Each structure stands twice: as structure tokens, then as C-alpha cells.
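See structure below.
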Amino acid sequence: MTIARIRLLQNLCRFCLITAMLMLPGFLVENLCLSNGMVMILIAALAAGAVLTVVIRRLRCPVCSHIFVGREHVVLFTVTCCNCGRRAGDTA
């Protein structure tokens, strides 16, 4: 997997988690009842965010073969590899 695709998965995970965070207050407050479809979107966003978080934590850098986001000090949405510092589009 390329670094550009790792970044794509990170952005997709970020989108799912932000969507779930924005919908959660409406779900928790009794006065703002969400429709059945909105609850399903909330559950899907939470599930997708959780699965993508687990996947991103296991992805390896294609350059140095170390875990991309770091093993001990995890930075989930990092732009560069925590070991070699490479980013998407680097050529040298």
C-alpha cells in the first residue's frame, strides 16, 4: 500500500469520526429525536471509524516497513511516517 493510500484511509477515518461526533449530541438529547435512517448512519459511521482506526494502526510504511503511525507513541492522523519521515509524493 502506498503512502497516498494510507493518507486516504486516514482521511476517510477522520470523516467517519467527525460525522459520528456531529450526530451524537442529537442522538443523546431526547428533544432532538433522530429518524431511523439517521441512527443507522450514526452507527455506520461509528463502526467504520472504529474499523479504520484498527486498520490504520497496523499499516506499515512501504519505504521502511515500520508501522506508519508509530508503535509506542501513536499519532493516528500523521502526514509522515513516524520512523523514516517519508510523506506522499516524496521522490528522493
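The values are calculated or read from the model by the stated rules, or taken from the named source; none is laboratory data. For clarity, every value in this text was computed on a predicted model and none was experimentally measured. Neighbour counts run over all protein chains shown; Cβ positions are idealised from the backbone, glycine included. Quick note on the areas: whole protein, heavy atoms, side chains included, nothing else; ligands and nucleic acids left out. Shrake-Rupley method; radii C 1.70, N 1.55, O 1.52, S 1.80 Å.
So the values come out like this:
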read-out	value
Tilt relative to the chain, helix 3-28 - C-alpha long axis, 0 to 90 degrees, to 10	20
Size of electric dipole in the chain: Cβ of Lys, Arg +1 and of Asp, Glu -1, about Cα centre, debye, nearest 20	440
Calculated [θ] (222 nm, deg cm²/dmol) that DSSP helices of n ≥ 4 give over the chain, each run adding -39,500 (n - 2.57)	-19000 deg cm²/dmol
P(r), alpha carbons of segment 1-91 - 10 Å bins starting at zero, rounded %	17, 40, 22, 15, 6, 0
Solvent-accessible area per residue for the chain (1.4 angstrom probe, square angstrom)	68
Computed over the chain: relative contact order in percent, which uses C-alpha pairs under 8 Å that are six or more apart	30
Projected label distance in nm at residue 35 and residue 79, using a 7 Å step from Cα toward the beta-carbon	4.0
Extension gain from residue 88 to residue 71, taking 0.36 nm per residue of separation minus the Cα-Cα distance	4.1 nm
Farthest positive-ward along the chain dipole, Cα basis, beta-carbon charges - from 70, 46, 29	70
Under-5 Å amide H pairs with residue 60, H placed in peptide plane, nonlocal only	68
Accessible surface of the chain, 1.4 Å probe, proportion on carbon and sulfur as whole %	64
